[in-house]
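A.B. asks: Sharing a structure below in structure tokens format, with a few things to ask.
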2 protein chains.
Amino acid sequence: MVSVVIIGSGNVAFHLIKAFLKNDSIDLKQIYSRTIKNIESFKNETLITDNFSSIIKANIYIIAISDDAIEGFSKQLNFEDSLVVHTSGSVSINALKGTYGKGVFYPLQTFSKNHRVNFKQIPICIESNNNNHLVLLEKLASSISDNVYFIDSEQREKLHLSAVFVNNFVNHLYQIGNDICDKNNIPFEILLPLIKETAKKIVTLTPNQAQTGPAKRKDIQTINKHLNQLNTNQKEIYTILTDSIIKTYN
Amino acid sequence: MVSVVIIGSGNVAFHLIKAFLKNDSIDLKQIYSRTIKNIESFKNETLITDNFSSIIKANIYIIAISDDAIEGFSKQLNFEDSLVVHTSGSVSINALKGTYGKGVFYPLQTFSKNHRVNFKQIPICIESNNNNHLVLLEKLASSISDNVYFIDSEQREKLHLSAVFVNNFVNHLYQIGNDICDKNNIPFEILLPLIKETAKKIVTLTPNQAQTGPAKRKDIQTINKHLNQLNTNQKEIYTILTDSIIKTYN
């Protein structure tokens, strides 16, 4: 059985802990966090610690902490026969500094603590310079997900960048839609089927084929009418995205 | 039984025709289009015509043509006892010029001819200045959808504006994500579960609660790294959306 220690208590750590605890083929031996109260809810299910020197031996250490802290933390780890991976989309495998096996275990999903996810459908992007370690990581990843991809650091960086557009920025556009509805006493829920369908459409069509709307039609009258109803910030975003769509289709 | 004539052969007309043909409580008597070949596929299921003077009598005429053409077309219709509605999100009820009952029948969804939709879940926003007509429209709308809303022209305009953000602009961000993947030989499908989850998350969380990413964290190092990997157009979009998120959360 593969034994694992998870380092961290953020959203990614939290969901990985949940997934591994449910899984019989993985032995989640310990969770480490600087702030013990963040992981106290797991104390009946596995070992927890906030003391670095109490971290125990395992096959794999999963560092699920903020991007900036990965390199510094990785230097302190000292388990020569183990494999140490981080879970970041934008940090290179080379940020791991230490004398151990190195890898990346990047679940490509948006995590919030108060929203359940089905790990089976989450793509996990793995990377290692060592084939044996890659096999071990593949075993770990496929124990919780049906979608495991071998992605190197350069591709992962681009993937993470794409994810910012299709997730973070998309959610911000939802926010703007919500703001406009709120301001005009319209229930935002009216838009939910449209939002769902927009996401679903590109499973069978390319985004290019799926594009509709006044910018695609170059319908200047509607575009100007829209601009007159927006605040300065919304207007800037509307203009730049409309121009980009017009450029794409002309 | 409510009798209906549909004017138009675009995406909205196409899906409404499909929905009404399947429905036993609605009598779709005729379809009119200037271009007969666009509606020829329905010739075995109902009357079709490209001759304006052949348009027959019905309870409701649904004008599903381009926004700019609605007013001009509506002037030519001459069925005093009937109800004439358009299906546009951004055109006022007052654009209908003629001596007949007037209304709006706006299905809030993104339609592509080659992508099936389940009409039951599509919100239909209806409007009329006359209560009897509103009852008739409610009957028509609820025959094909479980989500019928009474929305006046002013609210509908705002709703349509929100829809541009959460649908048209969101799809364009999918396009950018796709472009970045293509350029780096990454299968875009890896991003589909993230895209789906992003849309699903806001059913239970507000977009504000659901926001994640480098802009939300004000992670300037990652933001700068991302900017260096983008082309001019992508960079502009990235910058403006990042600034807007930072403003929202600070």
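The values are calculated or read from the model by the stated rules, or taken from the named source; none is laboratory data. In this text, all values refer to a predicted model and were calculated from it rather than measured experimentally. Note that each Cβ is placed from the backbone with ideal geometry, even for glycine, and that neighbours are counted across all protein chains shown.
A.B. asks: Applying the selection to the stretch B:10-28, what residues are over 15 Å from the mean Cα position of the chain (by Cα), of a type outside the set (Lys, Arg) and not in a helix (DSSP H, G or I)?
C.D. replies: B:Asn23, B:Asp24, B:Ser25, B:Ile26, B:Asp27, B:Leu28
This table checks each residue for (1) in a helix (DSSP H, G or I); (2) in contact with a strand residue (DSSP E or B) (Cβ under 9 Å, 6 or more places away or on another chain).
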{"residue": "A:Ile186", "(1), (2)": "no, yes"}
{"residue": "A:Leu191", "(1), (2)": "yes, yes"}
{"residue": "A:Thr212", "(1), (2)": "no, yes"}
{"residue": "A:Gln221", "(1), (2)": "yes, no"}
{"residue": "A:Ser244", "(1), (2)": "yes, no"}
{"residue": "A:Lys247", "(1), (2)": "yes, no"}
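A.B. asks: Ok, one more. Report yes if B:Ile176 is aliphatic (A, V, I, L, M), farther than 22 Å from A:Gln175 by Cβ and modelled with pLDDT of 95 or more, otherwise no.
C.D. replies: No, not satisfied.
A.B. asks: Identify, by number, the condition in (1) among the aliphatic types (A, V, I, L, M); (2) free of Cβ contacts under 8 Å to residues at least 24 places away in the same chain; (3) more than 25 Å from A:Arg156 (Cβ to Cβ) that A:Leu77 doesn't meet.
C.D. replies: (3)
Residue-by-condition table, conditions (1) crowded, with 18+ Cβ neighbours inside 10 Å; (2) not β-branched (Val, Ile, Thr):
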site: A:Val85; (1), (2): yes, no
site: A:Gln121; (1), (2): no, yes
site: A:Ile126; (1), (2): yes, no
site: A:Asn130; (1), (2): no, yes
site: A:Val135; (1), (2): no, no
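A.B. asks: Go through (1) over 24 Å from A:Ile245 (Cβ atoms); (2) within 12 Å of chain A (Cβ to nearest Cβ); (3) among the hydrophobic types (A, V, I, L, M, F, W, C) one by one and return the number of the condition B:Ile144 breaks.
C.D. replies: The one condition B:Ile144 does not meet is (2).
A.B. asks: Then there is this: Looking only at the stretch B:152-169, which residues are over 25 Å from A:Ile246 (Cβ atoms) and within 7 Å of chain A (Cβ to nearest Cβ)?
C.D. replies: Initial filter on the stretch B:152-169 (over 25 Å from A:Ile246 (Cβ atoms)): B:152-155.
Within the stretch B:152-169, B:Gln155 is the sole residue that qualifies.
A.B. asks: Tell me which residues, restricted to the stretch A:60-89, are of a type in the set (S, T, N, Q), farther than 12 Å from A:Ile126 by Cβ and in contact with a Leu (Cβ under 8 Å, 6 or more places away or on another chain). First the steps, then the outcome.
C.D. replies: Of all residues in the stretch A:60-89, those of a type in the set (S, T, N, Q) come to A:66, A:74, A:76, A:78, A:82, A:87-88.
Then drop every residue that is not farther than 12 Å from A:Ile126 by Cβ, which leaves A:66, A:74, A:76, A:78, A:82, A:88.
Across the stretch A:60-89, the qualifying residue is only A:Ser74.
A.B. asks: May I pose another question? So which of B:Asn59, B:Asn38, B:Asn78 is at pLDDT 95 or above and farther than 18 Å from B:Lys113 by Cβ?
C.D. replies: B:Asn59
A.B. asks: Among the residues of the stretch B:45-93, write down those that are in a helix (DSSP H, G or I) and within 20 Å of the chain's Cα centre (by Cα). Before you say what the answer is, go through the steps one by one.
C.D. replies: Start the filter on the stretch B:45-93 by keeping residues that are in a helix (DSSP H, G or I), which leaves B:52-54, B:67-76, B:93.
Listed by number, the residues that qualify are B:Asp67, B:Asp68, B:Ala69, B:Ile70, B:Glu71, B:Ile93.
A.B. asks: Right, next: Restrict the check to the stretch B:144-154 and report whether at least one residue is small (Gly, Ala, Ser) and within 17 Å of the chain's Cα centre (by Cα). Even if it seems obvious, please write down each step before you answer.
C.D. replies: To start, the set of residues in the stretch B:144-154 that are small (Gly, Ala, Ser) comprises B:145, B:153.
Still in the list and also within 17 Å of the chain's Cα centre (by Cα): B:145, B:153.
So far as the stretch B:144-154 goes, yes, one or more of its residues are small (Gly, Ala, Ser) and within 17 Å of the chain's Cα centre (by Cα).
A.B. asks: I would also like to ask the following. When only residues in the stretch A:53-71 that are of a type in the set (Ser, Thr, Tyr) and more than 14 Å from chain B (Cβ to nearest Cβ) count, which is surrounded by the most Cβ atoms within 10 Å (Cβ to Cβ)?
C.D. replies: Going through the stretch A:53-71, the residues of a type in the set (Ser, Thr, Tyr) turn out to be A:53-54, A:61, A:66.
If we keep only those that are more than 14 Å from chain B (Cβ to nearest Cβ) as well, we get A:53-54, A:61.
Details: A:Ser53: 6, A:Ser54: 11, A:Tyr61: 26.
Selected residue: A:Tyr61.
A.B. asks: Here is a list: B:Val170, B:Val148, B:Val117. Which entry is out of contact with any Gly (no Cβ under 8 Å at 6 or more places or on another chain), of a type in the set (Val, Ile, Thr), surrounded by 14 or more Cβ atoms within 10 Å (Cβ to Cβ) and assigned to a strand (DSSP E or B)?
C.D. replies: B:Val148
A.B. asks: Give all pairs with beta carbons closer than 7 Å in which a residue from the stretch B:134-149 that is free of Cβ contacts under 8 Å to residues at least 40 places away in the same chain meets a residue that is outside any helix (DSSP H, G or I) and hydroxyl-bearing (Ser, Thr, Tyr); count only pairs at least 6 apart in sequence or on separate chains.
C.D. replies: Partner pairs satisfying both residue conditions: B:Leu134/B:Ser128.
A.B. asks: A follow-up question, please. Taking the criterion of being touching a residue at least 12 places away in the same chain (Cβ under 8 Å), of a type in the set (Val, Ile, Thr) and more than 25 Å from B:Ser74 (Cα to Cα), would at least one residue in the stretch B:118-127 satisfy it? Show your work before the answer.
C.D. replies: Restricting attention to the stretch B:118-127, the residues satisfying the condition of being touching a residue at least 12 places away in the same chain (Cβ under 8 Å) are B:119-127.
Still in the running and of a type in the set (Val, Ile, Thr): B:122, B:124, B:126.
From what is left, the residues that are more than 25 Å from B:Ser74 (Cα to Cα) are B:122.
Yes; the residues of the stretch B:118-127 include at least one that is touching a residue at least 12 places away in the same chain (Cβ under 8 Å), of a type in the set (Val, Ile, Thr) and more than 25 Å from B:Ser74 (Cα to Cα).
A.B. asks: Going by the conditions given, is B:Asp50 farther than 23 Å from B:Ile93 by Cβ, in the same structural domain as B:Val117 (by TED's automatic domain parsing) and surrounded by fewer than 14 Cβ atoms within 10 Å (Cβ to Cβ)? It would help to see each step written out before you state the result.
C.D. replies: Working: farther than 23 Å from B:Ile93 by Cβ: yes; in the same structural domain as B:Val117 (by TED's automatic domain parsing): yes; surrounded by fewer than 14 Cβ atoms within 10 Å (Cβ to Cβ): no.
Considered against the rule, which asks whether it is farther than 23 Å from B:Ile93 by Cβ, in the same structural domain as B:Val117 (by TED's automatic domain parsing) and surrounded by fewer than 14 Cβ atoms within 10 Å (Cβ to Cβ), B:Asp50 comes out as no.
A.B. asks: On to the next question. State the number of residues belonging to the stretch B:179-216 that are farther than 26 Å from A:Thr239 by Cβ, more than 7 Å from chain A (Cβ to nearest Cβ) and surrounded by 17 or more Cβ atoms within 10 Å (Cβ to Cβ).
C.D. replies: Counting residues in the stretch B:179-216 that are farther than 26 Å from A:Thr239 by Cβ, more than 7 Å from chain A (Cβ to nearest Cβ) and surrounded by 17 or more Cβ atoms within 10 Å (Cβ to Cβ) gives 2.
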